[in-house]
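Report on one structure; see the data block that follows.
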Amino acid sequence: MTQWTLGIIGGSGLYEIDGLQDRREETVETPWGAPSDTLVRGRIGDVELVFLPRHGKGHRLTPTGVPYRANIAALKAAGVTDVLSISACGSLKEQYVPGHFVAVDQFIDRTVARESTFFGPGMVAHVSMARPVCSRLSALAADAAAAVGAEMHRGGTYLAMEGPQFSSLAESRLYRQWGCDVIGMTAMPEAKLAREAELPYATLAMVTDYDCWREEEEAVSVTNVLEIMGQNSALARQAVVKLAETLSGTERTPSPDGIDTCLDYALITAPSARDPELLAKLQVIAGRALQG
Ligand SMILES: CSC[C@H]1O[C@H](OP(=O)(O)O)[C@H](O)[C@@H]1O
Ligand SMILES: Nc1ncnc2[nH]cnc12
């Protein structure tokens, strides 16, 4: 029976998870360098969990400075089958109230200063990002969060900005006109890289503020983000435990969205034109497809 191994990436205010049996820490290195921190591993029932704080312990890394490729490669090498990312976000619509959770299902990527692919000259790949989130993992995560008492929104578009500065009023208004629901700085290129590594990925975004567009509200600041996260990070941690408990004892089948084998439709470079050095590097994330 294939068991679930959940990778959990914790964002601002979520630097650990609860309930792990056989907890251990692993310092790892990948062909793309070191991940944000040591991996924390453990079990809940028969589900293995691998936790990584995105900004490192003590929140040392900026959104631009997060080693996104190393993080996803480290989770893949650790045997993770599915990745749940937990993020703080700003609200771009009235109904996404601070304290609410959003199971994001679409992204608009406005990041400009990050390495966003594992591939490159000598091995080109074009994965589909039409549906960037695994529908099964997202629904399971939303069910778990709702079961522990979170106010859940299922579906929503996340605008990923470069940061680290928050948006201007004109930008915030523009993103609202684009129909975006929430805003953050880290889900991209994380979601793209997870797809390239054939890892089903979902984001639980925790609303912490109304960014700066809402006239009756103070503009977002780190102080108000951390205040709301302080009130809600326990709920996020409970949701992770609930998700693992739900999956424990169940067989993990491939994602219904075909994500586990998506590279079969994405590799384009002719075998004779492939760069052996890059191929060697790619084994950890794309070994299945490259061997096939
Ligand atoms: C602390 S406010 C801005 C910071 O919070 C969000 O972090 P994460 O997505 O890692 O939870 C946002 O993206 C910024 O990095
Ligand atoms: N308003 C906001 N903009 C960008 N990232 C955020 N993270 C939390 N709130 C945010």
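State the number of residues belonging to the stretch 197-221 that are more than 18 Å from Ala160 (Cβ to Cβ), near ligand 2 (Cβ under 9 Å from one of its atoms) and of a type in the set (D, E, K, R).
Count: 0.
One line per residue, one yes/no per condition, for (1) under 30 Å from Ala219 (Cβ atoms); (2) open to solvent by less than 50 Å² (accessible area, probe 1.4 Å):
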{"residue": "Ala88", "(1), (2)": "yes, yes"}
{"residue": "Gln95", "(1), (2)": "yes, no"}
{"residue": "Ala103", "(1), (2)": "yes, yes"}
{"residue": "Gln106", "(1), (2)": "yes, no"}
{"residue": "Val112", "(1), (2)": "yes, no"}
{"residue": "Gly122", "(1), (2)": "no, yes"}
{"residue": "Ala125", "(1), (2)": "no, yes"}
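Condition check ((1) away from ligand 1 (no atom under 13 Å from the Cβ); (2) in a strand (DSSP E or B); (3) touching a Lys or Arg at 6+ places or on another chain (Cβ under 9 Å); (4) of a type in the set (Lys, Arg)) across all residues:
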site: Thr203; (1), (2), (3), (4): no, yes, no, no
site: Glu215; (1), (2), (3), (4): yes, no, no, no
site: Asn224; (1), (2), (3), (4): no, no, no, no
site: Glu227; (1), (2), (3), (4): no, no, no, no
site: Thr246; (1), (2), (3), (4): yes, no, no, no
site: Pro254; (1), (2), (3), (4): yes, no, no, no
site: Leu278; (1), (2), (3), (4): yes, no, no, no
site: Gly287; (1), (2), (3), (4): yes, no, no, no
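Could you check the stretch 9-59 and list, in sequence order, the residues that are touching a residue at least 40 places away in the same chain (Cβ under 8 Å), within 22 Å of Val241 (Cβ to Cβ) and part of a strand (DSSP E or B)?
Within the stretch 9-59, Ile9, Gly10, Glu26, Ile44, Val47, Glu48, Leu49, Val50, Phe51, Leu52, Pro53 meet the criteria.
Looking at the stretch 256-276, which of the residues that are assigned to a helix (DSSP H, G or I) and open to solvent by 30 Å² or more (accessible area, probe 1.4 Å) is nearest to ligand 2 (Cβ to nearest atom)? Lay out the reasoning, then the answer.
First, pick out the residues of the stretch 256-276 that are assigned to a helix (DSSP H, G or I): 259-265, 271-273, 276.
This time we only want the ones that are open to solvent by 30 Å² or more (accessible area, probe 1.4 Å), so: 260-261, 264-265, 271-273, 276.
On the way: Asp260: 30, Thr261: 33, Asp264: 35, Tyr265: 33, Pro271: 43, Ser272: 45, Ala273: 41, Pro276: 41 Å.
Ranking the qualifying residues of the stretch 256-276, first place goes to Asp260.
Residues to consider are Val102, Val112; find the one that is hydrophobic (A, V, I, L, M, F, W, C), within 16 Å of ligand 2 (Cβ to nearest atom) and in a loop (DSSP other than H, G, I, E, B).
Details: Val102 fails: in a loop (DSSP other than H, G, I, E, B).
Residue meeting the stated conditions: Val112.
Looking at (1) open to solvent by less than 20 Å² (accessible area, probe 1.4 Å); (2) touching a residue at least 60 places away in the same chain (Cβ under 8 Å), which is the one condition that is false for Ala160?
(2)
If Gly179 meets every condition in (1) more than 26 Å from Ala286 (Cα to Cα); (2) free of Cβ contacts under 8 Å to residues at least 24 places away in the same chain; (3) open to solvent by 60 Å² or more (accessible area, probe 1.4 Å) apart from one, which number is that one?
The single condition Gly179 does not satisfy is (3).
Checking the conditions here, which among Ala187, Ala286 is crowded, with 16+ Cβ neighbours inside 10 Å, of a type in the set (Gly, Ala, Ser) and within 19 Å of Arg154 (Cα to Cα)? So that I can check it myself, show each step before the final result.
On the way: Ala286 fails: within 19 Å of Arg154 (Cα to Cα).
Going through Ala187, Ala286 in turn, the sole match is Ala187.
Could you look through the stretch 140-196, keep only residues that are out of contact with any Phe, Trp or Tyr (no Cβ under 8 Å at 6 or more places or on another chain) and assigned to a strand (DSSP E or B), and pick out the one that is nearest to ligand 2 (Cβ to nearest atom)?
Met161
The values are calculated or read from the model by the stated rules, or taken from the named source; none is laboratory data. In this text, all values refer to a predicted model and were calculated from it rather than measured experimentally. Here Cβ is always computed from backbone atoms with ideal geometry, including for glycine, and neighbour counts include all displayed protein chains. Ligands, DNA and RNA are excluded from the accessible area calculation, which covers all protein heavy atoms including side chains. Shrake-Rupley method; radii C 1.70, N 1.55, O 1.52, S 1.80 Å.
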